[in-house]
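These notes concern the structure reproduced below.
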Amino acid sequence: MSQNDEDLMIRLRARLEEEKRKSPLEKARDFMQTYVADNYWDDIQKEVEHMIKINPITIIWGLEGIEDLLATPPQEEGVLANLVTYDGGWMLDEYNDEHAKVWLKELSEFIRKVMGDKQPPRSS
């Protein structure tokens, strides 16, 4: 292996470790901004299907982040509503965390459906 290849592998491993250490909110926010923002459901489906083929870990991390937030919601009011509205670009029927939880649950189930047999096991 050349020095350039070794350097690349070191950088890739460091990046992978950095991503693993992100909080559920950071993972969910990354997913929302990348795959959900200003997209319709069919666009989200196409993006998720595409990434499952080339780099499924980004989808898995986003799904884990969303589901972790649903299992243990942030104490601070408005975090989930902001996640959906500002990071995801979606309007809620009512701007509050309860409606955001319902929307995020719908999104997580949608992602799992799109992933099919490639989805990770549920944590709960």
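The values are calculated or read from the model by the stated rules, or taken from the named source; none is laboratory data. Just so we're clear, the structure is a prediction, and the values are computed from it rather than from any experiment. Note: ideal-geometry Cβ built from the backbone for every residue, glycine included; neighbour counts use all protein chains shown. Side chains are part of the model used for accessible areas, which takes the heavy atoms of the whole protein and leaves out ligands, DNA and RNA. Shrake-Rupley method; radii C 1.70, N 1.55, O 1.52, S 1.80 Å.
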Inset, instruction - Excluding residues fewer than 8 places away in the same chain, name every one of the aspartates and glutamates whose C-alpha is closer than 18 Å to that of residue 22. - result: 30, 64, 67, 68, 87
Inset, instruction - Along Cα→Cβ, 7 Å out, is where each label goes; now give me the distance between the ones at residue 23 and residue 109 in nm to one decimal. - result: 2.8 nm
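By how many nm would the segment from residue 49 to residue 118 lengthen if fully extended, with 0.36 nm per residue of separation less the alpha-carbon distance?
23.8 nm
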Inset, instruction - Starting from the coordinates of the alpha-carbon atoms of region 62-124, obtain the Kirkwood hydrodynamic radius over all distinct pairs and give the value in Å to one decimal. - result: 12.1 Å
Inset, instruction - Rank 71, 37, 81 by mean-square fluctuation in a GNM of the chain with C-alpha springs under 10 angstrom and give only the top-ranked residue. - result: 71
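What is the extension gain from residue 3 to residue 101, computed as 0.36 nm multiplied by their sequence separation minus the C-alpha to C-alpha distance, in nm to one decimal?
Details: separation 98, 0.36 × 98 = 35.28 nm, distance 4.79 nm.
Fully extending the segment from residue 3 to residue 101 adds 30.5 nm.
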Legend entry - Residue with peak Gaussian network fluctuation, the chain [Cα springs, cutoff 10 Å], from 61, 41, 103: 41
Inset, instruction - For region 55-97, count the residues as N, evaluate 2.2 N^0.38 Å, and divide the Cα radius of gyration by that value, please. - result: 1.25
Inset, instruction - Give the range of the longest stretch in the chain that excludes all trypsin sites (Lys or Arg not before Pro) found in loop regions by DSSP and having at most 15 other beta-carbon atoms within 10 Å. - result: 23-121
Inset, instruction - Return the lysines within reach of residue 53: Cα separation strictly under 22 angstrom, same-chain partners fewer than 8 residues apart disregarded; answer none if there are no such residues. - result: 20, 27, 113, 118
Legend entry - Segment residue 75-residue 93, extension gain: residue separation times 0.36 nm, minus the distance between their alpha carbons: 4.3 nm
Inset, instruction - Between 54, 111, 44, find the one with the highest GNM mean-square fluctuation for the chain; connect C-alpha pairs within less than 10 Å. - result: 54
Legend entry - Computed magnitude of the charge dipole of the chain (debye, nearest 20; Cβ of K, R +1, Cβ of D, E -1): 480 debye
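Using the heavy atoms of the protein chains and a 1.4 angstrom probe, tell me the accessible area per residue for the chain in square angstrom.
Working: 7960 Å² over 124 residues.
Per-residue accessible area for the chain comes out at 64 Å².
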Inset, instruction - Give me the angle, in degrees from 0 to 90, between the Cα long axis of helix 3-20 and the longest principal axis of the Cα atoms of the chain, rounded to the nearest 10. - result: 20 degrees
Inset, instruction - Quick one: Debye curve from the alpha-carbon atoms of region 13-124 only, equal weights, vacuum; give me log10 I(q)/I(0) at q = 0.14, 0.17 Å⁻¹ to two decimals. - result: -0.52, -0.77
